[in-house]
Amino acid sequence: MASAAAAGAPPGPAAPKSRKSVTGTRKAVAGLFLLPALVLLGALVVYPIGYSVVRSFYNASGDGFAGFDNYKALFTDDGIRTALKNNIIWVVFAPTVATALGLVFAVLTERVRWGTAFKLVVFMPMAISMLAAGIIFRLVYDQDPNKGVANAVWVGVHDTFAQSSAFPKAHPGRESPLKADQGGFITTATVHTGRTVTLPLVGVAPDQMPGDAKKAVAAKPEPGKITGTTWQDFTRGKGVGRLGAPDPSELGYAGMRIEAVDTAGQVVASTKAASDGTFTLPAKADGARLRLPASNFRAPYNGVDWLGPALVTPAIIGSYVWMWAGFAMVLIAAGLAGVPRELLEAARVDGANEWQVFRRVTVPLLAPVLAVVTVTLMINVLKVFDLVYIIAPGSSQDDANVLALELYRKGFSEGQPGIASAIAVFLLLLVIPVMLFNIRRLRREVRR
């Protein structure tokens, strides 16, 4: 009966069938939408990486298997080793300094009324490319103080405390009573009281003479003293002016130091020329020779060689920090906005000063943000090719060389694509651990 009842029972509802979209299965549609991106990813990323790995095991011509010789060159070639050393310096210092500055800016701008304007100014360099930043800092670091901003400021500060010579190019002219002496000049004959001495020089343009210089005057003899004149013995125009005597248009060397030197080379008397070039020495200078010391002709201070072997890498790192400190500041400021204010106030109520609040509360709470910013900048510093290439061209480029620049030079300038591919693979291996660290941290943040 039961079986009969079961046999006579009406059939149950049919199992639902999987619905299909108009164009086919859902996976097929998703695949079609992803196909263009996958093609571009394969053509622009996967294929170049695979080809670079394969090419790194071949010689320069590409028709001979070189094994690991190209990778050995990474640690034996002087240029690549310099680039590797500089990359280590970049990875350690550039992200650290940029992140630290960004943290300081983000914290301090919260306490000022014009913080938004300050953030805007600091972030503005991010709006320009590394190419433009390289051109800007190539001018900033120019050795000539008349062009380079850095040296203009540096020379200005230096000259405030150590006055430079006003006559760096002055030298004796024709039929001069002076001869060279240890960077300065000295008279060929001795001088005596009651007589005048002429110390003519040439080589200083009229517009380069000291501002207080006046028309040179021929000194008059004085009993018991030695008098004389030192001046620019040159008048423009052919056949104009008298040689060895002051002319109306010629200027005195105001401030020129004159020393009387005895036979043993000791200075027995000294003085400085007046604005008209005249000077007077006491009787104890009798029988001595007059010397214009080298301090009168010392070349003007020309500033710091920012792009020289010693400072070129720190100088370029400084330009990088100028660009990316604003990026770090904005991200850290966003993280700082999410810090619970009650924790900061609780620390202050417990007696912590501002430095302790910053070090013990603010920084630990911002640790995830600081890690993301630092890791991002670490990846970024591995590709500072154009910044280095523009700021430090020529011979000093070798001292500032980085792996990305060495890759370009080996691949395109020196015709060694095998070594260039090995450098590219090495850079990829350097970036992968940092990227994995970033991905793990982001996934951990999502789970929270």
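The values are calculated or read from the model by the stated rules, or taken from the named source; none is laboratory data. What you see is a predicted model; the values in this text were computed from it and never measured. Reconstructed Cβ throughout: ideal geometry from the backbone, glycine too, with neighbour counts over all protein chains shown. For the accessible areas, the whole protein counts, side chains as well, though only heavy atoms, and no ligand, DNA or RNA atoms are used. Shrake-Rupley method; radii C 1.70, N 1.55, O 1.52, S 1.80 Å.
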Margin query: Can you pull out the trypsin sites (Lys or Arg not before Pro) in segment 108-167 whose DSSP state is coil and whose Cβ has at most 16 other Cβ atoms within 10 Å?
Written below: ARG113, LYS147
Checklist line | Distance-filtered residues of segment 136-170 - backbone nitrogen under 19 Å, label point 7 angstrom along ALA310 Cα→Cβ | finding: 141-145, 150-159, 162
Check: How much net charge surrounds SER295 when only the other residues with a Cβ under 12 Å from the Cβ of SER295 are counted, with Lys and Arg +1 and Asp and Glu -1?
Finding: +3
Check: How much accessible surface area, in Å² rounded to 10, belongs to the heavy atoms of LEU311 with a 1.4 Å probe?
Finding: 60
Check: Of all the stretches in the chain, which is the longest one without any exposed loop site, taking chymotrypsin sites (Phe, Trp or Tyr not before Pro) in a DSSP loop (any state but H, G, I, E, B) with at most 12 other Cβ atoms within 10 Å?
Finding: 115-448
Check: When the accessible area of segment 28-131 is computed with all protein chains present and a 1.4 Å probe, what percentage of it is carbon and sulfur?
Finding: 76
Next item on the list: Of the DSSP beta bridges with both residues in segment 132-239, give the percent that are antiparallel, rounding to the nearest 5.
Entry: 45
Notebook entry, point to check: For the chain, what is the relative contact order in percent, using Cα pairs closer than 8 Å and at least 6 residues apart in sequence?
Noted result: 22
Note to self: Just to check I understand the Karplus step: with θ = phi - 60° and J = 6.51 cos²θ - 1.76 cosθ + 1.60, what whole-Hz values come out for segment 167-173, glycine and proline as x?
What the structure shows: 10, x, 10, 5, 7, x, x
Notebook entry, point to check: On full extension of the chain, what length is gained from ALA334 through THR116, given 0.36 nm per residue of separation minus the C-alpha to C-alpha distance?
Noted result: 77.2 nm
Checklist line | Accessible surface, per residue, of the chain when the full set of protein chains is kept, probe 1.4 Å, Å² | finding: 58
Next item on the list: For n ≥ 4 DSSP H runs only, could you compute -39500 (n - 2.57) per run for the chain, divide by its residues and tell me the 222 nm figure to the nearest 500?
Entry: -14500 deg cm²/dmol
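Please compute the length gained on full extension between ARG348 and LEU32, using 0.36 nm multiplied by the number of residues separating them and subtracting their Cα-Cα distance. Let's see the in-between values first.
Details: separation 316, 0.36 × 316 = 113.76 nm, distance 5.85 nm.
Taking ARG348 through LEU32 to full extension adds about 107.9 nm, to one decimal.
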Check: Heavy-atom accessible area of LEU38 with all protein chains present, probe 1.4 Å, nearest 10 Å²?
Finding: 100
Next item on the list: Please give the helix 149-161 orientation as an angle from the longest Cα principal axis of the chain, in degrees from 0 to 90, rounded to the nearest 10.
Entry: 40
Note to self: What lysines does LYS410 reach when the alpha-carbon gap must be under 27 Å and sequence neighbours fewer than 8 apart in one chain are set aside?
What the structure shows: LYS72, LYS85, LYS383
Note to self: Can you say what percent of the DSSP beta bridges in segment 178-296, counting only those with both residues inside, are antiparallel? Round to 5.
What the structure shows: 75
Note to self: Ignoring ligands, DNA and RNA, please state the percent of accessible area on segment 178-296 from carbon and sulfur, probe 1.4 Å.
What the structure shows: 51
Next item on the list: Please label the shape of the chain as rounded, prolate or oblate, based on the square roots a ≥ b ≥ c of the eigenvalues of the alpha-carbon gyration tensor (a/c under 1.5 means rounded; beyond that, a/b larger than b/c means prolate, else oblate).
Entry: prolate
Margin query: If you take every DSSP beta bridge fully contained in the chain, what fraction is antiparallel? Give it as a percent rounded to 5.
Written below: 80
Notebook entry, point to check: So how far, in whole Å, is the C-alpha centre of segment 188-264 from the one of segment 106-120?
Noted result: 60
Next item on the list: Could you go through segment 414-423 in sequence order and give the Karplus-derived ³J(HN,Hα) for each residue, using 6.51 cos²θ - 1.76 cosθ + 1.60 with θ = phi - 60°, rounded to whole Hz, and x for Gly and Pro?
Entry: 9, x, 10, x, x, 5, 4, 5, 5, 5
Next item on the list: Please work out how much accessible surface MET435 shows to a 1.4 Å probe, ignoring ligands, DNA and RNA, in Å² rounded to 10.
Entry: 90
Check: Between their Cα atoms, which of LYS214/LYS284; LYS119/LYS147; LYS179/LYS284; LYS225/LYS284; LYS169/LYS220 are more than 18 Å away from each other?
Finding: LYS214/LYS284; LYS119/LYS147; LYS179/LYS284; LYS169/LYS220
